[in-house]
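Below you'll find the structure, written out as structure tokens, and then a few comments.
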Amino acid sequence: MNIKTAFFLAITSIKRGNKGTLAMTILIMTLAYVNLVFIASIFGGIVEAINKEAVDNQYSNIVIEPAIDEKYINNKDAIRQIETIPKIIGVSSHYIDNPIVKYDEHKDNKDVKSSRWILKSINPPDEKKVTKIHESIIEGSFLETTDRNQILIGKEIAGGYGGDLDHLSLGVSVGDEIDVFFNNGINRSYIVKGIFSTKSTQADQMLFITKKEMESILKVHNWASEILVKIEDTGNEDVYIEQIRELGLKKEDIKKWSDLMGFTSGASKSFTMISIILGVIGTVVAGVTIFIIIFVSVVNKRKQIGILKAIGMEEDTIILYFVIQALFYGVVGVVLGVSLILFVIRPFFISNPLDFPVGWVSLKVTFNIIKISNLSLIGAALIGGFFPAYRGAKESILKSIWG
Amino acid sequence: MLISIKDLKKEFVNDEVVTKVLHGISFDIEKGDFISIMGPSGSGKSTLMHILGFLDKPSSGSYHFEGEDASKLEDDKLAEMRSEKIGFVFQAFNLLNRVSALENVMLPLIYTSKTKKERMEKAKHYLTEVGLEHRFGHTPNKLSGGEKQRVAIARALVNEPHIIFADEPTGNLDSKSGIQIMKILEDLNEKGHTIILVTHEKQTAEYAKRIIRLKDGLVVKDFVVNNRNIAKNGDELVK
């Protein structure tokens, strides 16, 4: 095999071939590449958006729940010390109840709307460190530490904001009074102080009152039904869980946010599967395109192949000549595709994320996606180029020259 | 002995129909010879040339080239033989249309250890030898038939082969161009190259020193030409 000759012939063929065909071929390869990266990245972006919403508005990074036979986490010292662990950004203790919430618009016991919802208590400054619900207020304002008869509610409970559960909502606005019937028999009235809307339907089905208010109802002090912990380095939760356990929370149920993402985990696997299927289809289409291009080239150059063999060129060199051509299309497609993704498409979607029900979705272009797409397209080009080249090179010299 | 063939046979099979083209041909060719293989259409002369030039393989019989049994050579070795020991000149020129005359002639040299500059110099030398010093950069579609054939001859010569096969080299040319080509072949033979010319024209065949006449796949006559044609000054035929 003579690599130098194969390169010379391939470069000559590309340089002196039809420029329009060359441009179209490269365009097809570039689009095939963009397709591979785009599909994988958009699914990655959707999963990331779901996860981000869960971390930002539901679970933060780590969720500590009471031991299986306990109602509350009552190790006050340990709760206090969690915040002292380095690189922990914030800790927010919640009491949780699922009371019946009623709204009687005209105070006449007619058309009373009621339903059970999840109610959590928060210490507003702590909560601001671990979730972003305070950034999602669409009407009114967030709770203050001293608030007692005021309540913050999600849009699914309030209704009228295009939520999925409008038929169950109370139909309240900021300033309206609602009645809350706690599970311990106490009932209190609260004024709606604010309504929030996240991209998480689960988060939007919650109500919040202050910790002080809840402790006065539950008759407890500095305990918690759950504790959310926000860390600096998401993904490294296991390290912090170890440190939290060392503080004395041995029996408590401590979970990472990802352990609580049953739906997302399933969706993520489904997206990966869809992405692989579409990727394989895209790669096969790219390979078949290359096959057709090289096949046509081989047919058009049949006589040339015969002449080259007649003057002593080895079959392997002729195969390599066409494979280099195919490789050129693949490599240029990859280079242009990567440029298009990194410098045009990705910046565009970062500036203009897609408004999905699960969150704001942008492209999640990872090194792994780029690497796999590069290998897929170049592999497709090699295989697509090899077979017609092999067939053309193996034809007898006389048949090639004279047909 | 350059070439020795004994009882060489060739048959083609198409859709289970067997066509026998060569029925058992034997002859020897010495180095420096100038031979015309002559015969009417269908006599098997081109098939014979293809076998002698390693473009095709015989169905049976023996073929020794410089004492080596060609039937035992692998495809890569045959390619090497075509590259190093044989030069072809075809009736249809068979040049690469997208590259210049110079690059066409340089192509066989790409296998050698020569630098690009050396290859270019050598290609220019042979193009000059065939009178095309003013056509280096021209692609084949900008050359006349005679010029194309001269490029093909330069390409055949550039590797300094032991033997040149010319298959109807004047078949597509006007008489003046044809004489010019024959003059080049005559000169090459005088310089020591072995020339094997395939033609159906008696006048072209008589430039050779020896004529092997084929008919229906058999040698019917093998004789020395006593009164050879000579291409005088490259454009005039004399006896």
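Structure values in brief
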item: All positions within the stretch B:84-102 that are over 25 Å from B:Asn189 (Cα atoms) and of a type outside the set (Lys, Arg); result: B:Leu96, B:Asn97, B:Val99, B:Ser100
item: Matching option when the condition is under 19 Å from A:Ile39 (Cβ atoms) and either touching a Lys or Arg at 6+ places or on another chain (Cβ under 9 Å) or more than 14 Å from chain B (Cβ to nearest Cβ) (or both), among A:Ile341, A:Ile383; result: A:Ile341
item: Odd one out for A:Ser60 among (1) of a type outside the set (Asp, Glu); (2) surrounded by fewer than 18 Cβ atoms within 10 Å (Cβ to Cβ); (3) under 28 Å from the mean Cα position of the chain (by Cα); result: (2)
item: Residue, least open to solvent (accessible area, probe 1.4 Å), within the stretch A:167-189, restricted to residues that are part of a loop (DSSP other than H, G, I, E, B) and either of a type in the set (Lys, Arg) or more than 20 Å from A:Asp204 (Cβ to Cβ) (or both); result: A:Phe182
item: Meets criteria (within 43 Å of the chain's Cα centre (by Cα) and of a type in the set (Lys, Arg)) for A:Lys301; result: no
item: Residue within the stretch B:123-138 that is under 30 Å from B:Ser41 (Cα atoms), more than 11 Å from every other protein chain (Cβ to nearest Cβ) and at pLDDT 85 or above present; result: no
item: Scan of the stretch B:1-29 for residues that are at pLDDT 90 or above, open to solvent by 30 Å² or more (accessible area, probe 1.4 Å) and either hydroxyl-bearing (Ser, Thr, Tyr) or under 16 Å from the mean Cα position of the chain (by Cα) (or both), ordered by number; result: B:Ser26
item: Residue count for the stretch B:185-221, restricted to those that are under 25 Å from B:Pro161 (Cα atoms), of a type outside the set (Gly, Ala, Ser) and exposed (fewer than 14 other Cβ atoms within 10 Å of the Cβ); result: 2
item: Yes/no for A:Val296 being closer than 18 Å to A:Asn374 by Cα and either open to solvent by 40 Å² or more (accessible area, probe 1.4 Å) or not assigned by TED's automatic domain parsing to the domain that holds A:Lys364 (or both); result: no
item: Tally of residues being hydroxyl-bearing (Ser, Thr, Tyr) and surrounded by fewer than 17 Cβ atoms within 10 Å (Cβ to Cβ) across the stretch B:91-104; result: 0
item: Residue match in the stretch A:99-109 (condition: within 34 Å of the chain's Cα centre (by Cα), buried (at least 19 other Cβ atoms within 10 Å of the Cβ) and closer than 30 Å to A:Asp233 by Cβ); result: no
item: Residue check, A:Gly90 open to solvent by less than 80 Å² (accessible area, probe 1.4 Å) and not in a helix (DSSP H, G or I); result: yes
item: Entirely in the stretch A:208-325, the helices (runs of 4 or more DSSP H) that have 3 or more residues that are at pLDDT 90 or above and away from chain B (no Cβ under 14 Å); result: A:211-218, A:237-246, A:262-300
item: Any hit, the stretch B:45-60, residues being at the interface with chain A (Cβ under 9 Å from one of its Cβ atoms) and acidic (Asp, Glu); result: yes
item: Count of the stretch A:168-199 residues which are among the charged types (D, E, K, R) and closer than 30 Å to A:Ile50 by Cα; result: 2
item: Residues (under 22 Å from the mean Cα position of the chain (by Cα) and either within 8 Å of another protein chain (Cβ to nearest Cβ) or acidic (Asp, Glu) (or both)) located in the stretch B:100-122; result: B:Glu103, B:Leu107, B:Pro108, B:Ile110, B:Tyr111
item: Qualifying residue in the stretch A:236-253 (condition: surrounded by 20 or more Cβ atoms within 10 Å (Cβ to Cβ) and of a type in the set (A, V, I, L, M)); result: yes
item: Matching residues, the stretch A:93-133, being farther than 18 Å from A:Val192 by Cα and assigned to a loop (DSSP other than H, G, I, E, B); result: A:Tyr95, A:Asp108, A:Asn109, A:Lys110, A:Asp111, A:Thr131, A:Lys132
item: Inter-residue pairs, beta-carbon under 7 Å, first more than 9 Å from chain B (Cβ to nearest Cβ) and in the stretch A:1-15, second of a type in the set (Phe, Trp, Tyr) and open to solvent by 20 Å² or more (accessible area, probe 1.4 Å), 6+ apart; result: A:Ala10/A:Phe328; A:Ile14/A:Phe328
item: Members of the stretch A:135-166 that are touching a residue at least 24 places away in the same chain (Cβ under 8 Å), open to solvent by 10 Å² or more (accessible area, probe 1.4 Å), under 27 Å from A:Ile227 (Cβ atoms) and under 30 Å from the mean Cα position of the chain (by Cα); result: A:Ser136, A:Ile137, A:Ser141, A:Phe142, A:Lys155
item: Among residues of the stretch A:53-80, those that are in contact with a Lys or Arg (Cβ under 9 Å, 6 or more places away or on another chain), part of a helix (DSSP H, G or I) and more than 14 Å from A:Ser225 (Cα to Cα), counted; result: 4
item: Per-region count, the stretch B:18-44, residues closer than 19 Å to B:Asp216 by Cα, in contact with a helix residue (DSSP H, G or I) (Cβ under 7 Å, 6 or more places away or on another chain) and away from chain A (no Cβ under 14 Å); result: 6
item: Total residues in the stretch B:61-90, condition at the interface with chain A (Cβ under 9 Å from one of its Cβ atoms), free of Cβ contacts under 8 Å to residues at least 40 places away in the same chain and surrounded by fewer than 17 Cβ atoms within 10 Å (Cβ to Cβ); result: 3
item: Residues satisfying the stated conditions in the stretch A:65-83, i.e. over 22 Å from A:Phe182 (Cα atoms) and within 31 Å of the chain's Cα centre (by Cα); result: A:Ile82, A:Glu83
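Residue-wise test of (1) closer than 30 Å to B:Asp56 by Cβ; (2) at pLDDT 95 or above; (3) surrounded by fewer than 18 Cβ atoms within 10 Å (Cβ to Cβ).
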| residue | (1), (2), (3) |
| --- | --- |
| A:Leu336 | no, yes, yes |
| A:Phe356 | no, no, yes |
| A:Lys364 | no, no, no |
| A:Ser376 | no, no, no |
| A:Gly379 | no, no, yes |
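The values are calculated or read from the model by the stated rules, or taken from the named source; none is laboratory data. These numbers were taken from a predicted model, which means no experiment stands behind them. Ideal geometry is used to build each Cβ from the backbone, glycine not excepted, and the neighbour counts take in all protein chains shown. In case anyone asks, the SASA skips ligands and DNA or RNA and just uses the protein heavy atoms, side chains included. Shrake-Rupley method; radii C 1.70, N 1.55, O 1.52, S 1.80 Å.
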